[in-house]
1. Any residue in segment 339-360 that is in contact with a Lys or Arg (Cβ under 6 Å, 6 or more places away or on another chain) and either assigned to a loop (DSSP other than H, G, I, E, B) or modelled with pLDDT of 90 or more (or both)?
2. Would you tally the residues in segment 384-411 being at pLDDT 50 or above and out of contact with any helix residue (DSSP H, G or I) (no Cβ under 7 Å at 6 or more places or on another chain)?
3. Residues that are out of contact with any Cys (no Cβ under 6 Å at 6 or more places or on another chain) and of a type in the set (D, E, K, R): list the helices (runs of 4 or more DSSP H) wholly contained in segment 208-282 that include at least 2 such residues.
4. Which one is modelled with the lowest pLDDT, of the residues in segment 326-338 that are among the aliphatic types (A, V, I, L, M) and surrounded by fewer than 15 Cβ atoms within 10 Å (Cβ to Cβ)?
5. Failed condition for Glu67, given (1) within 29 Å of Ala239 (Cβ to Cβ); (2) in a loop (DSSP other than H, G, I, E, B), with all others met?
Amino acid sequence: MDAKTLFRQGIAALRDEKDMEKGRTLLTQSLRLDPQNDVAWLWLSRTVTDADKRRQCIERALQINPENEQARALMTKLQSATATFPTVAVAAPVPENHTPPRKTKEFSALSGNRQRQIDEHLQQAEALIAANKTEEAIEQWVRVLDLQPDHQVALPNAIKHLAKMNYLDDCHELVMKAVNSGTDHPSVYLTAIDIAKRTHHDGEADDLRLKLAGLPQIDEKHIVKVIDYFTTNGQYHLAAQALDAALVNYPKNQMLLLRRAEVAKEQLNTQEAVQYFERAAQLGTSSKEGKKADEQLSVYLPQLTDKERGSVWMALREAVGFGSVYLLMGWQDAGLDLLRLGPGRIAGVLLSVLGGYLLVTAASSPQQQPIATWLGGSVPEKPKRDDVDFEATLAEPELATAIPMIPVAARVLLGVVGAVLLILAFRMVFGTALGLISNPNPIEFYIPTLDDLLSR
């Protein structure tokens, strides 16, 4: 499927089906094929909840097309929102050498006032629990959650005590409020999944599993559980979506790449399976996952090693195939009599081997050693990548070789010379047949008379 079709299907999933995860997957696949589509980057920005990743998508769109008015407006809106409203969710781990943005006095005051309110409600809840006033304590935790929906103390306490009182609907409301606030805490999603299962919201539980797999702070263990759940239930399309979401954050995780390939294999999508097996194998074949990926590639797509690429014998073996074909043509031209081939046809067969070798060298074996070095060849450079999030999911498998390749100009020359030699060889081995084609007059046979026969 081409990039435009995937792009249109992604927009339809977001606009018509309201399916955020499906739209995100389709848009990511489209950008893998056409990373210069600025509009696709904008649509992708709508599918992510993390503010930093949304900003990266919009910035990428502006890099591609600085005149995109919608991208400018979204960036302005995002910057304005960041400057006006404090973030209440617990922040992700701060990277090294990170310089925090400067805060205005109004921002700091608002944040400090909110934190004081949260602390007061938590202290009251603790005192009420000590006094066995559970319902009043829950009310204090709920007030905290009104200020910070995913608070990591108030939310689990409120849900724990509500669940003991069998108020599952209230638990569901609180945890979904935290999810919809854009939290990136895996524990919130795990709790939400458990409550959705208990309240028989199976479709909602699947959506939560997909979101859980795409969280930046999720660990490998929970991702594997999500994938195992989907594959055990035969939901391979959801397993693929979950793995695509996880690979956005962990593009070089060999285990996830291998699982993605296996899911594609179960979906009978051979081309996609090969792509992910290649990405897994390129990360190294010394690990268990790397060996398995390499074994699968040998089944689907046998790969040449540098030793095989640089072998002159392999090129000569292909060239002998040309000679075999020309020998058969010469044999036919000689009336199916090998003894009548003659020196001309034999020379044509040998010339076809030389021409075939030059053509094979130019087309499929341009890294023969030491010929490639003699002709001024160099080791091909690996494709370059931009240091942008999502880019690792869009990159194609890299070329892995350490031996030089014959320059393009020399390959063209070798190919032309090889083709000319093959044409000359064809004339030499098939001369009689070509003569008949150019002079199609029928042969006049001499029919002897009775007198001629008696005179002999």
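The values are calculated or read from the model by the stated rules, or taken from the named source; none is laboratory data. Note that the coordinates shown come from a computational prediction; the quantities given were computed from them, not determined experimentally. Note that we place each Cβ from the backbone using ideal geometry, even for glycine, and neighbour counts take in every protein chain shown.
1. no
2. Count: 4.
3. Numbers: elements: 220-232, 236-249, 254-266, 270-282.
So the answer is 220-232, 254-266, 270-282.
4. In this case the residue turns out to be Leu338.
5. Of (1) within 29 Å of Ala239 (Cβ to Cβ); (2) in a loop (DSSP other than H, G, I, E, B), only one is false for Glu67: (1).
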